[in-house]
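*Asks:* Sharing a structure, written as C-alpha cells. Questions coming.
The values are calculated or read from the model by the stated rules, or taken from the named source; none is laboratory data. Here the structure is a predicted model, which means the values were calculated and not measured. Heads up, the Cβs are rebuilt from the backbone with ideal geometry, glycines too, and the neighbour counts pull from every protein chain shown.
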Amino acid sequence: MGKRTQLGELELIVMLALLRLGENAYGVPISREIEQQSGREVALGSVYATLERLQEKGLVSSNLGEPTAERGGRAKRYFRVTTKGLREARETRQALMKLWRGLRELQGGQV
Amino acid sequence: MKSSQPPSLATWFLEHLVPGGKNEALAGDLLEDFRRRGSVAWYWRQVIMAILVGFSKELRTRWIGIVFAIIYSSAIPWKQIGQNLEIQSLLLLGLRLAWPVSLIYQIGFLTLLDAVALLAALIMYLGATRSLNLPRFLRGLLVAILVLSLGNIGVALLWIMHLPPLFFYYVVWRLPLFLGLVLAMWVARPSAVRAEATWLPE
C-alpha cells in the first residue's frame, strides 16, 4: 500500500462532488453541487484552488473542452477523479466510518 | 442589482490581478454563472475571492523569498552607511537646494541607495534559485524602483510626523526595501506553471 495523502475537508467535499457529477464535472456544476449537498456556498476561486491542489496530489485530472459563446469564447475545464483519488476517497470514508461508529452523542439528530 | 453584463472592471481585475496567469476556465465559469444569477455584487465577490485565494496560494509557495526579504532588509546597516562621509556630503548637497527640489533630491538619493541594495539582493536570489531571465529581471527592477520611490515619499512624510525613532529607523525606514524586494522577486521569478490541459496518467 502506498503512502496516504491527507485530505482536507474541502478537498473531500470537492472529490465527492466530482464523483456525483461524473462526465459533466466543471466549475459551475461542481460549486452548485457542493451548495446543494452541503448547504454552503463556496467561491469558484476556492473550488479551483482546491482542484489544482488535488491535481498536484494526483487525485484529480483535467482536460479542456470546446470554447462556447455563452462563456465569452472560453473553454470549460472538465475534472475527474483518478484511480488514486478513488482509492483515497474510499480509505478516508472507511477511516471516518470507524471514528463515527458507536458514538451515541451523534445518533438520533438531537443535541 | 441585476445586469446582463458583468462589470468590466471586475473582469479586468480577474484577468490581471489573479496570480499565476489567466485562468480561462474560471473566467468562463464566472461569466456562465453570472448570466444565470445576474448579480453584480455576486460577481465582484467571486472576483475578490479569486484574487485573495490566488495571493494566499502564492504566499504559501513563496514564503522563502519573503523570509529572505525580511532578513535582508533588516540586516542592511543603514546607520553605518549614513555615517559615511561621502554619503553625508552627497546628502547635504541636496539640503542646500531650494524646496521642493531639496526634498525631491533626498527622496531620489534614498531611492538610489535602496535600489543598489535591492539590486544586489535580487541578483543573489535569482542566482540561488537559478531563475535569472533578463526581461523578467528588468521588469522586476522597474517595478521595484517604482515601489522604492513611492515608499520613500511615504518615509519622508512619516519623518515629518516625528514617529518614535526606534520604530522609524528599524521598521518604517526599511519598509520600501522590503516591499520593493518582495515585488521584484515576485515579478522576476514566475510561479509554477498552471497545470496543462491534459488527462494526467493514473
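*Asks:* In this structure, does B:G151 turn out to be crowded, with 16+ Cβ neighbours inside 10 Å and modelled with pLDDT of 90 or more? Reasoning before the result, please.
*Replies:* Details: crowded, with 16+ Cβ neighbours inside 10 Å: yes; modelled with pLDDT of 90 or more: yes.
So B:G151 fits the description; yes.
*Asks:* Given A:L54, A:L59, which one is more than 9 Å from every other protein chain (Cβ to nearest Cβ), in contact with a strand residue (DSSP E or B) (Cβ under 6 Å, 6 or more places away or on another chain) and within 21 Å of B:R60 (Cβ to Cβ)?
*Replies:* On the way: A:L59 fails: in contact with a strand residue (DSSP E or B) (Cβ under 6 Å, 6 or more places away or on another chain).
Answer to the check: A:L54.
*Asks:* What is the residue count in segment B:23-53 for residues that are touching a strand residue (DSSP E or B) at 6+ places or on another chain (Cβ under 8 Å), within 17 Å of A:P29 (Cβ to Cβ) and touching a residue at least 24 places away in the same chain (Cβ under 8 Å)?
*Replies:* 1
*Asks:* Counting only residues that are more than 7 Å from chain B (Cβ to nearest Cβ) and surrounded by 14 or more Cβ atoms within 10 Å (Cβ to Cβ), which one in segment A:33-51 is farthest from A:L10 (Cα to Cα)? Write out each step before concluding.
*Replies:* At the first step, the residues of segment A:33-51 found to be more than 7 Å from chain B (Cβ to nearest Cβ) are A:33-42, A:47, A:50-51.
Add one more test, that the residue is surrounded by 14 or more Cβ atoms within 10 Å (Cβ to Cβ), and what stays is A:33-34, A:38, A:42, A:47, A:50-51.
Values: A:E33: 13, A:I34: 10, A:S38: 11, A:V42: 9, A:V47: 8, A:T50: 7, A:L51: 10 Å.
My answer is A:E33.
*Asks:* If a residue has to be small (G, A, S) and within 8 Å of chain A (Cβ to nearest Cβ) to count, how many in segment B:38-53 make the cut? So that I can check it myself, show each step before the final result.
*Replies:* Kept after step one, since they are small (G, A, S), are these residues of segment B:38-53: B:38-39, B:41, B:50.
Next cut, within 8 Å of chain A (Cβ to nearest Cβ) only: B:50.
So the answer is 1.
*Asks:* Do we have any residue at all in segment A:87-103 that's polar (S, T, N, Q), under 30 Å from B:Y43 (Cα atoms) and in contact (Cβ under 8 Å) with a residue 12 or more places away in the chain? It would help to see each step written out before you state the result.
*Replies:* Residues of segment A:87-103 that are polar (S, T, N, Q), as a first pass: A:92, A:94.
In the following step, the residues that additionally are under 30 Å from B:Y43 (Cα atoms) were identified as none.
Looking through segment A:87-103, none of the residues is polar (S, T, N, Q), under 30 Å from B:Y43 (Cα atoms) and in contact (Cβ under 8 Å) with a residue 12 or more places away in the chain.
*Asks:* I want to confirm something. Restricting to segment A:20-32 and keeping residues that are touching a helix residue (DSSP H, G or I) at 6+ places or on another chain (Cβ under 7 Å) and more than 13 Å from every other protein chain (Cβ to nearest Cβ), which single residue is surrounded by the most Cβ atoms within 10 Å (Cβ to Cβ)?
*Replies:* Among those residues, the one meeting the criterion is A:L21.
*Asks:* Also, I was wondering about something else. Kindly provide the set of residues from segment A:66-84 that are part of a strand (DSSP E or B), facing chain B (nearest Cβ under 9 Å) and surrounded by fewer than 16 Cβ atoms within 10 Å (Cβ to Cβ), ordered by number.
*Replies:* Answer for segment A:66-84, where residues must be part of a strand (DSSP E or B), facing chain B (nearest Cβ under 9 Å) and surrounded by fewer than 16 Cβ atoms within 10 Å (Cβ to Cβ): A:P67, A:T68.
*Asks:* Which condition number does B:L95 fail, the rest of (1) touching a helix residue (DSSP H, G or I) at 6+ places or on another chain (Cβ under 7 Å); (2) closer than 18 Å to A:V42 by Cβ; (3) loosely packed, with under 14 Cβ neighbours inside 10 Å being met?
*Replies:* (2)
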